[in-house]
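Participant: Got a structure for you, questions after.
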């Protein structure tokens, strides 16, 4: 911990969060960590600079709540804002993996307690009393024996000169007054009144707008182009070849779009020009039996071969786009001696490094401003759209905002990988699973997620850590080597593996004559937290009770990112085979609860996002190109289709888990398991579409 000098009545405390490098401990930083700064102003405002991105998940509220709890701050005086990218000051800045709160929790509590004790020491020094005689409450230090008190803003400058305590005492959980309470989000009002700045809102003096023509085939490059028709469009300023394609730079978006549409480009389509969904599926199927062994306990093949009751199944999942409501965009102002970038990014540090590399400037000459994000879901942890803006600004010599159209976004790659799975299992004499063989074939995420042995660790999450007590378990993974860009998608590998494992578990339960809930409770004997959420969801959903005619229930449970979620879905089939999801009862155990409002909102968000994917989501490939483009073909759930959602939170102080992603994995299998009861047919391929 470092204390900065106070100036103008502002106390600036810097602290380094868990795992980040410090001056005395030069450890490698990881992409899940951040730094933050606490500012206390003379008007008693406490500001936390947040190194994470606010994309709807609530970090601009949750992180200040943790700090304010230990600091005993007046919540009405607490503020938060995005920190600029600065690895030297803040450590590596990345938002993903549902890590923002769980990796910051301990360090923010420690920081809050540290500041609290320094403020007490400052007051004690002023009053000539022992610091141990002072206490803090609601943004003030008090000395009850003398009835004296001082607001934090009054003590800030002196507190900055106090020594930093090594191990300040943290509060007992029973004394929490903020953590665990439903608190209104700090970013709600600015988002509602329009003062919050998203990437698309950024305006700079003399700013131009650009659209970039990218190769329609993944990996293709420009051979040549004719820009005469584009330059004839009113408002078009320039047309330039850049490393990512051809940029049309204009006074406004409409001119840029019309100019891009008028370009005549000859593309070198490259090796991917013959790729199709069918050829990709063939590649995944052909290599699935040659996968890398990820987990092997007992002797699953031998037990399966000897079993009397056994099943085999194959599951298929498509590529998925992220399709955030705010299309990809970035504003860059590249000058000879400096560069500023305004971008809705999940990867500030990666962006900072990239822009420095592209401009040739030292990082201290590059400023990355993180705006609000209109959805991220992993896509905004990539930097391809940032490259477009930096190259365009360099060419124009002015600030340039690059805006991708919806079609650019959906067809631009960086998808959740497609998947082909073979899975088999058998039952013991009691009718419970005793072998489980899960073979996964899926294009890999980028190589930096692959530790030795070389397999994609995200592709097997939720499969290799199967919670059910099955003595004989084999999990393998094969990368078929498809070169379509893949990327992190909300809940990553759990988004596919929960569907496969929870649907297949239901198949085995039926084979053994077991109720799906009873079977799960029995096989989760070693995981009481899993049992707890399954039982809670089942009880709240009225599992086993009378349902309206034509309605069936399905159940699923999954652990991801340190949290366990169970869901029961009430489903029917409507006119023309439309799948109607009437209600989802969701039970979540994320350990320590910071803000119940946020947890409920994130469960609802994940369910609608996962249900959209389960019912409709797919990106098909023809001739190396994505077929789907806008929401007319890449369909998402409409308001009229939204189910009633009831969220039940288990809050018993277990180790803290993530919350942005864990609500998604159970929804697809819960719906598919319900549909089986209505149709008698197992759904082993997504999206579900209409039931024939």
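Participant: Within the bounds of segment 124-147, is there any residue that is part of a loop (DSSP other than H, G, I, E, B) and surrounded by 20 or more Cβ atoms within 10 Å (Cβ to Cβ)?
Facilitator: Yes, there is a match, as at least one residue in segment 124-147 is part of a loop (DSSP other than H, G, I, E, B) and surrounded by 20 or more Cβ atoms within 10 Å (Cβ to Cβ).
Participant: Something else now. Is it fair to say residue 640 is at pLDDT 95 or above and either part of a loop (DSSP other than H, G, I, E, B) or within 19 Å of residue 496 (Cα to Cα) (or both)? Can you show your working first?
Facilitator: Working: at pLDDT 95 or above: yes; either part of a loop (DSSP other than H, G, I, E, B) or within 19 Å of residue 496 (Cα to Cα) (or both): no.
For residue 640, the condition - at pLDDT 95 or above and either part of a loop (DSSP other than H, G, I, E, B) or within 19 Å of residue 496 (Cα to Cα) (or both) - is not met.
Participant: Another question, if that's okay. Does residue 222 satisfy the condition of being under 28 Å from residue 205 (Cα atoms) and modelled with pLDDT of 95 or more? Give the steps one after another, and end with the answer.
Facilitator: Numbers: under 28 Å from residue 205 (Cα atoms): no; modelled with pLDDT of 95 or more: yes.
No, not satisfied.
Participant: How about segment 87-106: which of its residues are modelled with pLDDT under 90 and in contact with a strand residue (DSSP E or B) (Cβ under 8 Å, 6 or more places away or on another chain)?
Facilitator: 89, 90, 91
Participant: Sort out for me the strands (runs of 3 or more DSSP E) sitting completely within segment 189-299 that have 1 or more residues that are touching a helix residue (DSSP H, G or I) at 6+ places or on another chain (Cβ under 8 Å) and over 25 Å from residue 409 (Cβ atoms).
Facilitator: In segment 189-299, 292-297 are the strands (runs of 3 or more DSSP E) which contain 1 or more residues that are touching a helix residue (DSSP H, G or I) at 6+ places or on another chain (Cβ under 8 Å) and over 25 Å from residue 409 (Cβ atoms).
Participant: Among (1) touching a strand residue (DSSP E or B) at 6+ places or on another chain (Cβ under 8 Å); (2) within 30 Å of residue 461 (Cβ to Cβ), which single condition is residue 256 missing?
Facilitator: Of everything listed in (1) touching a strand residue (DSSP E or B) at 6+ places or on another chain (Cβ under 8 Å); (2) within 30 Å of residue 461 (Cβ to Cβ), residue 256 misses just condition (2).
Participant: Then there's this: Kindly list the number of the only condition in (1) more than 25 Å from residue 275 (Cβ to Cβ); (2) surrounded by fewer than 16 Cβ atoms within 10 Å (Cβ to Cβ); (3) in contact with a helix residue (DSSP H, G or I) (Cβ under 7 Å, 6 or more places away or on another chain) that fails for residue 630.
Facilitator: So the condition that residue 630 fails would be (1).
So that you can scan it fast, the table gives a plain yes or no per residue for (1) under 30 Å from residue 342 (Cβ atoms); (2) at pLDDT below 95; (3) surrounded by fewer than 21 Cβ atoms within 10 Å (Cβ to Cβ); (4) not assigned by TED's automatic domain parsing to the domain that holds residue 97:
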{"residue": "409", "(1), (2), (3), (4)": "yes, no, no, yes"}
{"residue": "421", "(1), (2), (3), (4)": "no, no, no, yes"}
{"residue": "426", "(1), (2), (3), (4)": "no, no, no, yes"}
{"residue": "429", "(1), (2), (3), (4)": "no, no, yes, yes"}
{"residue": "432", "(1), (2), (3), (4)": "no, no, yes, yes"}
{"residue": "440", "(1), (2), (3), (4)": "no, no, no, yes"}
{"residue": "446", "(1), (2), (3), (4)": "yes, yes, yes, yes"}
{"residue": "450", "(1), (2), (3), (4)": "no, yes, yes, yes"}
{"residue": "454", "(1), (2), (3), (4)": "no, yes, yes, yes"}
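One line per residue, one yes/no per condition, for (1) in a strand (DSSP E or B); (2) within 25 Å of residue 378 (Cβ to Cβ):
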position: 47; (1), (2): yes, no
position: 62; (1), (2): no, yes
position: 67; (1), (2): no, no
position: 76; (1), (2): no, no
position: 84; (1), (2): no, yes
position: 89; (1), (2): no, no
position: 97; (1), (2): no, yes
position: 109; (1), (2): no, no
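Participant: So residue 314 fits all but one of (1) under 29 Å from the mean Cα position of the chain (by Cα); (2) part of a helix (DSSP H, G or I); what number is the exception?
Facilitator: With (1) under 29 Å from the mean Cα position of the chain (by Cα); (2) part of a helix (DSSP H, G or I) applied to residue 314, the lone miss is (2).
Participant: When you go through 577, 554 one by one, which is the residue that is surrounded by fewer than 24 Cβ atoms within 10 Å (Cβ to Cβ), at pLDDT 95 or above and outside the structural domain of residue 99 (by TED's automatic domain parsing)?
Facilitator: Going through 577, 554 in turn, the sole match is 577.
Participant: Being assigned to a helix (DSSP H, G or I) and either in contact (Cβ under 8 Å) with a residue 12 or more places away in the chain or buried (at least 23 other Cβ atoms within 10 Å of the Cβ) (or both) narrows it down to one residue among 547, 521; which is it?
Facilitator: 521
Participant: Can you tell me which condition residue 174 does not meet? The list is (1) within 41 Å of the chain's Cα centre (by Cα); (2) without any contact (Cβ under 8 Å) to a residue 60 or more places away in the chain; (3) assigned to a strand (DSSP E or B), and all the others hold.
Facilitator: (3)
Participant: Of the numbered conditions (1) surrounded by fewer than 17 Cβ atoms within 10 Å (Cβ to Cβ); (2) over 32 Å from the mean Cα position of the chain (by Cα), residue 253 satisfies every one except a single condition; which is it?
Facilitator: (2)
Participant: Select, from 670, 646, 613, the only residue that is closer than 16 Å to residue 490 by Cβ and either surrounded by fewer than 20 Cβ atoms within 10 Å (Cβ to Cβ) or at pLDDT 95 or above (or both). Walk me through it before giving the result.
Facilitator: Details: 670 fails: closer than 16 Å to residue 490 by Cβ; 646 fails: closer than 16 Å to residue 490 by Cβ.
Unique residue meeting the criteria: 613.
Participant: Taking only segment 153-175 into account, find how many residues are under 18 Å from residue 108 (Cα atoms), in contact with a strand residue (DSSP E or B) (Cβ under 9 Å, 6 or more places away or on another chain) and either surrounded by fewer than 11 Cβ atoms within 10 Å (Cβ to Cβ) or at pLDDT 95 or above (or both).
Facilitator: Within segment 153-175, residues that are under 18 Å from residue 108 (Cα atoms), in contact with a strand residue (DSSP E or B) (Cβ under 9 Å, 6 or more places away or on another chain) and either surrounded by fewer than 11 Cβ atoms within 10 Å (Cβ to Cβ) or at pLDDT 95 or above (or both) number 0.
Participant: To continue, here is another question. Among the residues of segment 602-629, how many are more than 28 Å from residue 58 (Cα to Cα) and either in a loop (DSSP other than H, G, I, E, B) or not assigned by TED's automatic domain parsing to the domain that holds residue 533 (or both)?
Facilitator: 7
Participant: Restricting to segment 130-139, name every residue that is in contact with a strand residue (DSSP E or B) (Cβ under 9 Å, 6 or more places away or on another chain) and free of Cβ contacts under 8 Å to residues at least 24 places away in the same chain.
Facilitator: 133, 134, 135, listed by residue number.
Participant: Please work out if residue 220 is touching a residue at least 12 places away in the same chain (Cβ under 8 Å), within 16 Å of residue 82 (Cα to Cα), surrounded by 15 or more Cβ atoms within 10 Å (Cβ to Cβ) and touching a strand residue (DSSP E or B) at 6+ places or on another chain (Cβ under 9 Å). Even if it seems obvious, please write down each step before you answer.
Facilitator: Values: touching a residue at least 12 places away in the same chain (Cβ under 8 Å): yes; within 16 Å of residue 82 (Cα to Cα): no; surrounded by 15 or more Cβ atoms within 10 Å (Cβ to Cβ): yes; touching a strand residue (DSSP E or B) at 6+ places or on another chain (Cβ under 9 Å): yes.
So residue 220 does not fit the description; no.
Participant: Checking residue 541 against (1) touching a helix residue (DSSP H, G or I) at 6+ places or on another chain (Cβ under 6 Å); (2) crowded, with 24+ Cβ neighbours inside 10 Å; (3) farther than 30 Å from residue 103 by Cβ: exactly one of these is not met. Which one?
Facilitator: (1)
Participant: Residues in segment 491-508: is at least one surrounded by 18 or more Cβ atoms within 10 Å (Cβ to Cβ) and either at pLDDT below 95 or at positive phi (or both)?
Facilitator: Yes, segment 491-508 contains a residue that is surrounded by 18 or more Cβ atoms within 10 Å (Cβ to Cβ) and either at pLDDT below 95 or at positive phi (or both).
Participant: On to the next question. If I filter segment 525-534 for residues that are surrounded by fewer than 21 Cβ atoms within 10 Å (Cβ to Cβ) and in contact with a helix residue (DSSP H, G or I) (Cβ under 9 Å, 6 or more places away or on another chain), do I get at least one hit?
Facilitator: Yes: one or more hits.
The values are calculated or read from the model by the stated rules, or taken from the named source; none is laboratory data. In this text, all values refer to a predicted model and were calculated from it rather than measured experimentally. Glycine gets a Cβ as well: all are built from the backbone with ideal geometry, and neighbour counts include every protein chain shown.
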